[in-house]
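Student: Handing you a structure now.
The values are calculated or read from the model by the stated rules, or taken from the named source; none is laboratory data. Quick caveat: nothing in here was measured; it's all calculated off a predicted structure. Cβ sites come from the backbone with ideal geometry, for glycine too, and all protein chains shown count toward neighbours.
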Amino acid sequence: MNKAINAGATETKVLSGNYAAAYGAKLSQVEVVSFYPITPATSMLEKVAEFAFKGELDAHVVMAEGEHSAMSLMIGASMAGARCFSGSSGQGMAYMHEPLQAAGRGRFPMVLVNCSRGLYHGSNNEHPEHDDSLTVRDSGWVQLFCESSQEVLDSVIQGYKIAETISLPVMPIQEGFYMSHAYEPVQLPDAAAVAAYLPKEPRRVHVDPKKPAKFGTWDVSSFRVKYELHQITAAALEVAKDANAEFNEIFGRSWEVVEAYKCDDADVIFMVLGTLAQSCRVLVDEERKKGRKAGLLKVRLFSPFPRREIAQVLSGAKKVAIIQRGFSYGHGGHLAIEAKAAMYDAGLRVPVFEFVSGLGGTDIPMGIYHEISDYVYGHDNPEELVAWKGVPAN
């Protein structure tokens, strides 16, 4: 093991994504935990509460009467200077939408882990989708899509580094059940090393009786505030890169804002968020065995969108295939909308094949991935704007 890993490694536990997030909060020594239980995020919040009740974490734990109150409490605690943690999912994210917007636009540093699940569609949908995460893209939150329990834990820790460096809230995102309840080995970093990594004097907009200030006022200065928020949110891209570089130096693990897999000579690059990357790596390897030069681009940082980094990876491709577990009705997949704009700005004029699959937690077997690949390799251009794959018969 190298020096960096020795400096930060302690033990390995088999954890679900929810428990990994809870350990990330514990290692970050959060001070206020505010939540309302909702499937599939409940066990994550229960675990953090357990740490506090056992005396392993010195934190105030508040179970609010609903998600709206939970996020409002987070804002108040952040204004008082506390390090705050929460989690939610699906309809919970929708219910807290008003204060969630206030947290982002007010630049209150905190971390909330979203166990991404479907929103309303005539019945309750507790299965993995990305709609609940992507519908809050414009709220001022930094969004990090994860594909493993290890990445969830590390993203919580990196989340506080980003949040308290630039004074913005951060949302690590894991898919409900596929990640939140799936167990795998996770390496826990040393608590002292985490403490050394995180900011000692974080930048916070907070209440100080010695320095009177006004918050949330209604006047024309909001135009200026929104202009500054745009600049700060865009700057979060470089802050996230720096946070990961330092994390890698200390702990020996790196989570880039985008991850390219076998893209250097790829003629077709598949582009995804979250756990779809796992299956797409298998797809790329199998396509390579057939003689097809396929590659994978996993996007971890979705907001702010790493436009230049993505365009650079895609610059040598002949075709781009975007597979998504989320959709903006009447527009297209969120990832494709952003990627097409980034490619256009970079002067890239290659065919983009857009696919939607796995909504409502529907499984995406490898046969669907191969069907998508065969279609892309067999067509010069897409025959339709968005192709829906694996839609159940009834």
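Student: Can you run down the residue pairs with Cβ atoms below 9 Å, 6 or more apart or on separate chains, where the first is in segment 151-165 and of a type in the set (Gly, Ala, Ser) and the partner is part of a helix (DSSP H, G or I)?
Tutor: Listed by first residue and then by second, the contacts come to Ser155/Ala21; Ser155/Gly24; Gly159/Gly24; Gly159/Ala243.
Student: Of everything in segment 285-304, what is touching a strand residue (DSSP E or B) at 6+ places or on another chain (Cβ under 8 Å) and in a loop (DSSP other than H, G, I, E, B)? Give them in sequence order.
Tutor: Once the filter is applied, which keeps residues that are touching a strand residue (DSSP E or B) at 6+ places or on another chain (Cβ under 8 Å) and in a loop (DSSP other than H, G, I, E, B), segment 285-304 yields Arg292, Lys293, Arg300, Pro304.
Student: Evaluate segment 122-141: report whether one residue or more is hydrophobic (A, V, I, L, M, F, W, C) and touching a strand residue (DSSP E or B) at 6+ places or on another chain (Cβ under 6 Å).
Tutor: Yes, segment 122-141 contains a residue that is hydrophobic (A, V, I, L, M, F, W, C) and touching a strand residue (DSSP E or B) at 6+ places or on another chain (Cβ under 6 Å).
Student: Next question. Can you tell me which residue is nearest to Ala311 (Cα to Cα) among those in segment 247-284 that are aromatic (Phe, Trp, Tyr) and in a helix (DSSP H, G or I)?
Tutor: Checked segment 247-284; the qualifying residue nearest to Ala311 (Cα to Cα) is Phe247.
Residues checked against (1) modelled with pLDDT under 95; (2) closer than 17 Å to Leu153 by Cα:
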| residue | (1), (2) |
| --- | --- |
| Met1 | yes, no |
| Asn6 | yes, no |
| Lys13 | no, yes |
| Ala25 | no, yes |
| Ala52 | no, no |
| Ala59 | no, no |
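Student: Tally time: how many residues in segment 292-304 are crowded, with 21+ Cβ neighbours inside 10 Å and under 29 Å from Asp374 (Cα atoms)?
Tutor: Going through segment 292-304 one residue at a time, the tally reaches 9.
Student: If I go through segment 239-268 residue by residue, how many of them are touching a Cys at 6+ places or on another chain (Cβ under 9 Å) and closer than 21 Å to Val142 by Cβ?
Tutor: Going through segment 239-268 one residue at a time, the tally reaches 1.
Student: Another question, if that's okay. Please find, among Glu201, Glu184, Glu126, Glu147, the residue that is more than 22 Å from Leu229 (Cα to Cα), modelled with pLDDT under 95 and among the acidic types (Asp, Glu).
Tutor: Glu126
Student: Scan segment 337-356 and tell me whether some residue there is over 18 Å from Ile310 (Cβ atoms), surrounded by fewer than 20 Cβ atoms within 10 Å (Cβ to Cβ) and not charged (D, E, K, R).
Tutor: Checked against the condition, which is being over 18 Å from Ile310 (Cβ atoms), surrounded by fewer than 20 Cβ atoms within 10 Å (Cβ to Cβ) and not charged (D, E, K, R), segment 337-356 yields no hits at all.
Student: Sticking with this one: Given the criteria assigned to a helix (DSSP H, G or I) and either in contact with a helix residue (DSSP H, G or I) (Cβ under 9 Å, 6 or more places away or on another chain) or more than 18 Å from Ile364 (Cβ to Cβ) (or both), does Ala311 qualify?
Tutor: For Ala311, the condition - assigned to a helix (DSSP H, G or I) and either in contact with a helix residue (DSSP H, G or I) (Cβ under 9 Å, 6 or more places away or on another chain) or more than 18 Å from Ile364 (Cβ to Cβ) (or both) - is met.
Student: Something else about it: Is it true that Lys226 is at pLDDT below 90 and assigned to a helix (DSSP H, G or I)?
Tutor: Yes; evaluated as a whole, the condition is true for this residue.
Student: With the checklist (1) at pLDDT 95 or above; (2) closer than 20 Å to Ala236 by Cβ in hand, flag the one item Ala41 doesn't pass.
Tutor: The number of the failed condition is (2).
Student: Oh, and also: I'm checking my understanding of the structure. Among residues of segment 315-373 that are among the charged types (D, E, K, R) and part of a loop (DSSP other than H, G, I, E, B), which one is nearest to Ile269 (Cα to Cα)?
Tutor: Among residues in segment 315-373 that are among the charged types (D, E, K, R) and part of a loop (DSSP other than H, G, I, E, B), the one nearest to Ile269 (Cα to Cα) is Lys318.
Student: So, of the residues in segment 144-156 that are surrounded by fewer than 24 Cβ atoms within 10 Å (Cβ to Cβ) and assigned to a helix (DSSP H, G or I), which turns out to be nearest to the chain's Cα centre (by Cα)?
Tutor: Applying the filter and picking the extreme gives Glu151.
Student: Filter segment 238-257 for residues that are without any contact (Cβ under 8 Å) to a residue 60 or more places away in the chain and over 14 Å from Lys161 (Cα atoms); which is nearest to the chain's Cα centre (by Cα)?
Tutor: Val257
Student: Would you mind telling me which numbered condition in (1) over 26 Å from Thr135 (Cβ atoms); (2) free of Cβ contacts under 8 Å to residues at least 24 places away in the same chain; (3) in the same structural domain as Gln278 (by TED's automatic domain parsing) Gly330 fails?
Tutor: (1)
Student: Let me ask something additional. Among the candidates Lys26, Lys13, which residue alone is out of contact with any Gly (no Cβ under 8 Å at 6 or more places or on another chain) and more than 19 Å from Tyr197 (Cα to Cα)?
Tutor: Lys13
Student: Could you tell me how many of the residues in segment 80-106 are within 25 Å of Tyr227 (Cα to Cα) and crowded, with 24+ Cβ neighbours inside 10 Å?
Tutor: 3
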